[in-house]
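The values are calculated or read from the model by the stated rules, or taken from the named source; none is laboratory data. The structure displayed is predicted, hence computed values, not measured ones. Please note: Cβ atoms are built from the backbone with ideal geometry, for glycine as well, and neighbour counts cover all protein chains shown.
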């Protein structure tokens, strides 16, 4: 389990398969996680692009994403039981930005599903026969994806938009909604070895 910064506050659960190739120090990991975003973008612009041209109300906004991924990890060095690994692999993100205008009876979600890639480093420090501390830091990039709001308007990066409002484009929608793009995840974790 890992906690830390991953598009704001994040938690990650990982299942690792170690020593697939002991000579090369190769392991594989599969993981899923959740991240909470304190600021999901420009709520007023999102309202104009996806809903209507109304103004007013006290803004409340946040975002959240369910994330999945898989990694190949290669041991770069080991000294006094401390390991440094290079990791990389595909990522998936299921994002939802929430916007509310309190007092103006307006509340809506904007969602996207994205594929991505991540590359980084992981340090492993044994603290017990079966317990390790881990620290991971890397670079993630999620590819542009269709933004859908209110079950009515779709904006696609290929420019084929479904019923856009007032000639808004995907670029306008992407600027308003802070869906995952380039990120720098930093996660501290504990790892329990089954054997």
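Regarding the range 110-122, can at least one residue be identified that is farther than 21 Å from residue 36 by Cβ and out of contact with any strand residue (DSSP E or B) (no Cβ under 8 Å at 6 or more places or on another chain)? Checked against the condition, which is being farther than 21 Å from residue 36 by Cβ and out of contact with any strand residue (DSSP E or B) (no Cβ under 8 Å at 6 or more places or on another chain), the range 110-122 yields no hits at all. Filtered by the rule that a residue be at pLDDT 85 or above and under 16 Å from residue 111 (Cβ atoms), the range 146-164 gives 146, 147, 148, 149, 154, 155, 156, 157.
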